[in-house]
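Right, one structure below, let's go through it.
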Amino acid sequence: MPNGEIIAVKKNVSSFMPGLQKQFESEVCHLMMLQHPNIVRCVGYCYDLRRACLPYHGKYVFAETAERLLCLEYMPKGSLDEYLSDKSTRHDWGTRYSIIKGICYGLCQLHEEIDKPIIHLDLKPANILLDDVMTPKITDFGLSRLLDQQETICTSSRHGTFGYMAPEFLHGGTITPKSDIFSLGVIILEVITGRRDYPDVTTTPPDDFIDFTLDKHRHVLQRFPGHVSLQTDCEQIKRCIQVGMICVNPDRTKRPHIKRVIRMLQGSESIDYTISIKAM
């Protein structure tokens, strides 16, 4: 940029496939209305429609092609997905805890702090970027939906990422803010355990899973001399596991809203994790 700012340019697929234009418009619209430290800032966009001669079934035809570019703030540390795959970062609980909280703050902006709530619908580590001080920022709003007066949307579309999609959305097309809460729970457990599918949750009683995961973290933290916040870290880890398990409850009515998630993570609200985790 002329002012020296480095930006990232996201180039959408140049195609006339149905739905791509709507995705682009949705992402631009939603990014432009959002200003939050935990949401990627949109610097600008470019849309250029051209007619071109293209091969089609052995012939050349004239067709319209669209160039869709999004200019976003540059995030030098890459995605949360890349961070989690780096084994050298697994002992750094302080950073991971800050990332979990930052994602929750960004999601709170989408669900609670704007006139018309936005449901992201594709919340996953690859769509959470990290700046130079490891601040997490939510990105990729191509599938997001505005929630107008109604609290529930039903759709025949099932776009999203398997493993992070709430069961009611995956199987029935039901969209509510609790769809994002499910995805958040998967991410929280993945940040803690390093496992994308968290199979232990579906086969182990909640208390056993919490104790097993907490013992693993305690063992890792104790290996580093001078670690003075072991008890505090373990309490935070336990709360995060409990919150993550509540968020992935198959029954969306039993998932907490995002403000309650934040209060539970901060320790200002008690956690009732007596839930039934079903196989997924």
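The values are calculated or read from the model by the stated rules, or taken from the named source; none is laboratory data. What you are looking at is a predicted structure, and each value in this text was computed from that prediction instead of being measured. Note that we place each Cβ from the backbone using ideal geometry, even for glycine, and neighbour counts take in every protein chain shown.
Of the residues Val191, Val220, Val186, Val228, the single one that is of a type in the set (Val, Ile, Thr), surrounded by fewer than 17 Cβ atoms within 10 Å (Cβ to Cβ) and either part of a loop (DSSP other than H, G, I, E, B) or at pLDDT 90 or above (or both) is Val228.
Residues that are part of a loop (DSSP other than H, G, I, E, B) and either modelled with pLDDT of 75 or more or in the same structural domain as Leu146 (by TED's automatic domain parsing) (or both) within the stretch 6-28 comprise just one, Ile6.
In the stretch 128-150, the residue that is nearest to Arg196 (Cα to Cα) out of those that are modelled with pLDDT of 95 or more and buried (at least 19 other Cβ atoms within 10 Å of the Cβ) is Ile128. Is one or more of the residues making up the stretch 131-140 among the aliphatic types (A, V, I, L, M) and either touching an Asp or Glu at 6+ places or on another chain (Cβ under 6 Å) or more than 23 Å from Arg260 (Cα to Cα) (or both)? Looking through the stretch 131-140, at least one residue is among the aliphatic types (A, V, I, L, M) and either touching an Asp or Glu at 6+ places or on another chain (Cβ under 6 Å) or more than 23 Å from Arg260 (Cα to Cα) (or both). Could you check, for the stretch 92-99, whether at least one of its residues is surrounded by fewer than 21 Cβ atoms within 10 Å (Cβ to Cβ) and at positive phi? No: zero hits. Would you please name the residue that is farthest from the chain's Cα centre (by Cα), looking only at residues in the stretch 130-148 that are more than 21 Å from Glu25 (Cα to Cα) and not acidic (Asp, Glu)? Per the criteria, the residue is Val133. Scanning the stretch 168-183 for residues that are of a type outside the set (Gly, Ala, Ser), modelled with pLDDT under 90 and over 12 Å from Pro250 (Cα atoms) turns up Thr174, Ile175. Checked against (1) of a type in the set (Gly, Ala, Ser); (2) assigned to a strand (DSSP E or B); (3) in contact with a Pro (Cβ under 8 Å, 6 or more places away or on another chain), Ala52 passes all but condition (3).
The single condition among (1) part of a helix (DSSP H, G or I); (2) in contact (Cβ under 8 Å) with a residue 60 or more places away in the chain that Glu82 does not satisfy is (2). Are any of the residues in the stretch 32-55 of a type in the set (D, E, K, R), touching a residue at least 24 places away in the same chain (Cβ under 8 Å) and either assigned by TED's automatic domain parsing to the domain that holds Thr139 or touching a Phe, Trp or Tyr at 6+ places or on another chain (Cβ under 8 Å) (or both)? No, that holds for no residue.
Can we say Val248 is within 18 Å of Lys101 (Cβ to Cβ) and either touching a Pro at 6+ places or on another chain (Cβ under 9 Å) or at pLDDT 85 or above (or both)? It is false that Val248 is within 18 Å of Lys101 (Cβ to Cβ) and either touching a Pro at 6+ places or on another chain (Cβ under 9 Å) or at pLDDT 85 or above (or both).
Being assigned to a helix (DSSP H, G or I) and modelled with pLDDT of 75 or more is a property that does not hold for Asp200.
Scanning the stretch 41-90 for residues that are closer than 20 Å to His120 by Cα and in contact with an Asp or Glu (Cβ under 6 Å, 6 or more places away or on another chain) yields a total of 2.
Looking across Leu54, Leu31, Leu69, Leu49, one residue alone is surrounded by 21 or more Cβ atoms within 10 Å (Cβ to Cβ) and either at pLDDT below 95 or not β-branched (Val, Ile, Thr) (or both). It is Leu31.
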